[in-house]
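Here is the structure we will look at.
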Amino acid sequence: MTAPLLEVIDLVKEFPVRGKGIIPRNVGTVQAVSGVSFTLHPGETLGLVGESGCGKSTTGRAILQLHKPTSGSVRFEGRELTTMSTKQLRPLRKDIQIVFQDPYASLNPKWQVNDIIAEPLQIHGAEGPRGAVQRRVDELLELVGLNPEHRNRYPHEFSGGQRQRIGIARALALNPRFMVLDEPVSALDVSVQAGVVNLLEELQERLGLAYLFVAHDLSVVRHISDRVAVMYLGKIIEMGERETIYNRPMHPYTQALLSAVPMPDPKQERKRQRIVLTGDVPSPVNPPSGCRFRTRCWKAQDICAVEEPRLERRGGPDGTLSACHFAEERQVV
């Protein structure tokens with residue numbers, strides 16, 4: 001196997017909570033990401049899934065240093081990103097890019113599409129000879145399935161799916177090797193999502209891109225990912241090969257998530273036993289001791305409140321990495 005393109009080790013990102021008053025003071029800390037670790041190889045897609053607020057997007061932004069990590073290590077091609085200054089990071093921005101969730105908010109409404117896509121080329125001095133920028137913009141628009149003749153239009157003249165394609169074209173302008181896809185289809189109509197996901201797969205195969213695909217839609221993640229990591233309250237609680245995760249999950253939380261995914265076959269749907277979780281997700285300001293999922297877990301015992309389970313391989317060599325004292329393989333019907 002080739003060397004990892006990206007290595008994330010014990011990544012932590014905390015946000016201060018400020019109280020009210022004339023002189024606001026820190027009254028707590030939001031533990032958004034707590035000790036996340038994984039690797040990503042060239043051309044691979046890692047799907048990062050979990051409920052809203054579990055730290056998925058924060059993890060992606062901390063990797064790109066859009067949020068400065070509180071602690072931990074992020075290595076891209078062996079180079080440590082967390083200790084780099086803004087000036088040192090700038091040359092690497094060509095290799096690491098992001099596609100944002102909201103295609104309406106991520107594009108400047110006052111700029112023409114031509115200027116939006118050309119901006120990265122101008123910032124990084126990649127214009128080349130006269131006319132080269134225009135040719136590159138047209139090439140990128142064709143690459144994402146848009147008409148180059150529409151380059152002088154404004155974002156409001158495009159649909160949501162077309163705007164997301166413009167965002168993808170902008171991210172591809174400098175030929176990156178790694179992209180964070182921050183819920184790239186969650187704001188789009190279901191009828192449009194498949195087209196954007198298929199485009200991302202085609203671009204990956206054609207350009208050799210590595211993706212961190214952040215999403216809460218388990219069906220989309222299964223379609224595009226090679227491996228899947230499941231997050232809960234700032235921690236990865238299960239990680240493994242796509243089919244192993246979806247067919248034989250070991251962590252109770254993963255089992256509950258997958259039991260909520262509707263099945264197209266009515267007979268299978270009727271036979272399946274759903275797992276309904278009780279209670280709400282605890283606050284990241286004051287997470288539970290030990291296992292963070294124990295307050296909603298039907299398998300929880302005394303040890304779960306005292307000892308935090310380690311993310312380690314369970315169920316033999318073909319099992320997943322699971323953080324549960326009582327992990328047990330469950331066949332998904």
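Coordinate-derived values only; no laboratory data. Since the model is a prediction, treat every value here as computed from it, not as a measurement. Positions of Cβ are generated from backbone atoms using ideal geometry, with glycine treated the same way; all protein chains shown enter the neighbour counts.
Under the definition of Cα pairs under 8 Å and six or more residues apart, what whole-number percent is the relative contact order of region 150-295? Working shown, then result.
Working: 115 pairs, mean separation 22.7, N = 146.
With pairs under 8 Å counted, the relative contact order is 16 percent.
Per DSSP H run of at least 4 residues, take -39500 (n - 2.57); add these up for the chain, divide by its residues and hand me the 222 nm value, nearest 500 deg cm²/dmol. Mind showing how you got there, number by number?
Details: 11 runs with 98 residues, N = 333.
Value at 222 nm, helices only: -8500 deg cm²/dmol.
Cα centroid separation, region 81-105 to region 15-40: 22 Å. Relative contact order of the chain, taken over Cα pairs closer than 8 Å and 6 or more residues apart, is 19 percent.
Expressed to the nearest 5 percent, the antiparallel share of DSSP beta bridges inside the chain is 60 percent. Ranking T278, L218, G234 by Cα position along the charge dipole of region 216-333, where only Lys, Arg, Asp and Glu carry charges on their C-beta atoms, puts T278 farthest toward the positive end. Charges were assigned to the Cβ only: +1 to each Lys and Arg, -1 to each Asp and Glu. The resulting dipole of region 253-309 about its Cα centre is roughly 360 debye. Taking Cα centre as origin and charging only the Cβ of basic (Lys, Arg, +1) and acidic (Asp, Glu, -1) residues, the dipole magnitude of the chain rounds to 720 debye. A simple rule links phi to the HN-Hα coupling: the Karplus curve 6.51 cos²θ - 1.76 cosθ + 1.60 with θ = phi - 60°, which for region 212-221 gives 9, 9, 8, 6, 10, 8, 5, 5, 5, 4 Hz, with x for Gly and Pro.
Which entry in (1) 20.3, 70; (2) 21.3, 70; (3) 34.3, 129 matches Rg and Dmax of the Cα atoms in Å derived from the coordinates of this structure? Correct label is (2).
In summary, the lysines within cross-link reach of K13, defined as a Cα separation below 23 angstrom excluding same-chain residues under 8 places away, comprise K56, K68, K87, K235. Going by C-beta contacts inside 10 Å, put H325, H156 in order with the fewest on the left. Going from least to most buried by this count: H156, H325. Structural descriptor for region 249-333: relative contact order 35 percent, calculated from alpha carbon pairs under 8 angstrom and at least 6 residues apart. Springs between Cα atoms under 10 Å define the GNM used for the chain, and in it the highest mean-square fluctuation of G290, G125, G234 occurs at G125.
Rounded if a/c is under 1.5, else prolate if a/b beats b/c, else oblate: with a ≥ b ≥ c from the C-alpha gyration tensor eigenvalues square-rooted, which is region 136-212? Display every interim value, and only then the final one.
Working: a/c = 1.81, a/b = 1.13, b/c = 1.60.
It is oblate, given that a/c is not under 1.5 and a/b is not larger than b/c.
Ranking Q255, A300, V197 by how far each Cα lies toward the positive end of the dipole of the chain (charges on Cβ) leaves A300 at the top.
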